[in-house]
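Data first, discussion second: the structure below is written as structure tokens.
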Amino acid sequence: MTGIMNEPEHVAGGVFACICRNAASAERTESDFVEATVPVAFHFPEEGAARSRLTKGSTTVSTNSNEPIVWLTQEAYDRLNNELTFLSGPGRAEIVARIEQARSEGDLKENGGYHAAREEQGKAEARILYLKDLLRRAHVGEAPADDGVVEPGMLVVANIAGDETTFLFGSREVAGDTDLEVYSEQSPIGVAVHGAKVGDKLTYAAPNGRDIKVEILSAKPFSA
């Protein structure tokens, strides 16, 4: 699975700190993590209305009322929970063992294996923190209603600036290993299309100030 948003230009505004797998890393102490602010969660601006659409056959994990809720399919929740279990158990122990093995070789300054293991440890610990926060705030339930309304969990086909584009509206974690484009609810286009219906035409301002025309062609519940 990708685990981290691969197209950060599609989103706007940070939600929480999480691991950036491709970030360059300098030497660090054992308590340091490699982190980057990557917004992959989304808010329900009308929380009551959003929850009412996702209540049937679903479970909401306990969160504070002012925290952003993340909608996940049961498959995505189980997959991420399994990843967390591995990373915080066998995965963590394996990395610690590699660090100790490399440390025993001495001369840590020139020990490439040691520094590689330390970097991997930082990334893994950051991913653990991210997953714990994400799963704590998750709303697990059925896919949204097949009503042609753009909301988290919908696979949307839209004409964007003259080009037909298919994207998942919501969280990268729901997309899993697919190569789908993902637009979060906080992205400029996400803010514009959230709540739009098939046939709606709208315009939003891109970060460069350019007005982009969008027409919603299709909106169907996403199925992995």
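The sole residue among Leu131, Leu155, Leu87 that is surrounded by fewer than 21 Cβ atoms within 10 Å (Cβ to Cβ), in contact (Cβ under 8 Å) with a residue 24 or more places away in the chain and in contact with a helix residue (DSSP H, G or I) (Cβ under 6 Å, 6 or more places away or on another chain) is Leu87.
Just name the residue that is surrounded by the most Cβ atoms within 10 Å (Cβ to Cβ) out of those in the range 195-224 that are of a type in the set (S, T, N, Q) and modelled with pLDDT under 95.
Applying the first criterion (of a type in the set (S, T, N, Q)) to the range 195-224 yields 203, 208, 218, 223.
From what's left, modelled with pLDDT under 95: 208, 223.
Details: Asn208: 6, Ser223: 9.
Selected residue: Ser223.
In the range 95-115, how many residues are surrounded by 14 or more Cβ atoms within 10 Å (Cβ to Cβ) and without any contact (Cβ under 8 Å) to a residue 12 or more places away in the chain? Within the range 95-115, residues that are surrounded by 14 or more Cβ atoms within 10 Å (Cβ to Cβ) and without any contact (Cβ under 8 Å) to a residue 12 or more places away in the chain number 2. Out of Ala124, Ala138, Ala158, one residue alone is under 17 Å from the mean Cα position of the chain (by Cα) and modelled with pLDDT of 95 or more. It is Ala124.
Pick from Glu173, Glu125: which is under 30 Å from Ala93 (Cα atoms) and either in contact with a Phe, Trp or Tyr (Cβ under 7 Å, 6 or more places away or on another chain) or among the aromatic types (Phe, Trp, Tyr) (or both)? Residue meeting the stated conditions: Glu125.
Every residue, every condition in (1) in contact with a Lys or Arg (Cβ under 8 Å, 6 or more places away or on another chain); (2) in a loop (DSSP other than H, G, I, E, B); (3) farther than 22 Å from Thr73 by Cβ, yes or no:
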{"residue": "Glu142", "(1), (2), (3)": "yes, yes, no"}
{"residue": "Asp146", "(1), (2), (3)": "yes, yes, no"}
{"residue": "Ala192", "(1), (2), (3)": "no, no, yes"}
{"residue": "Gly195", "(1), (2), (3)": "no, yes, no"}
{"residue": "Thr203", "(1), (2), (3)": "yes, no, yes"}
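Report the residue count in the range 172-224 for those that are under 17 Å from the mean Cα position of the chain (by Cα) and of a type outside the set (Ser, Thr, Tyr). Qualifying residue count for the region: 18.
Of all the criteria given as (1) in a loop (DSSP other than H, G, I, E, B); (2) not assigned by TED's automatic domain parsing to the domain that holds Tyr204; (3) not acidic (Asp, Glu), the one not satisfied by Lys132 is (1).
The values are calculated or read from the model by the stated rules, or taken from the named source; none is laboratory data. Everything numeric in this text was worked out from a predicted model, so none of it was measured. Every residue, glycine as well, gets a Cβ built from its backbone with ideal geometry; the counts of neighbours run over all protein chains shown.
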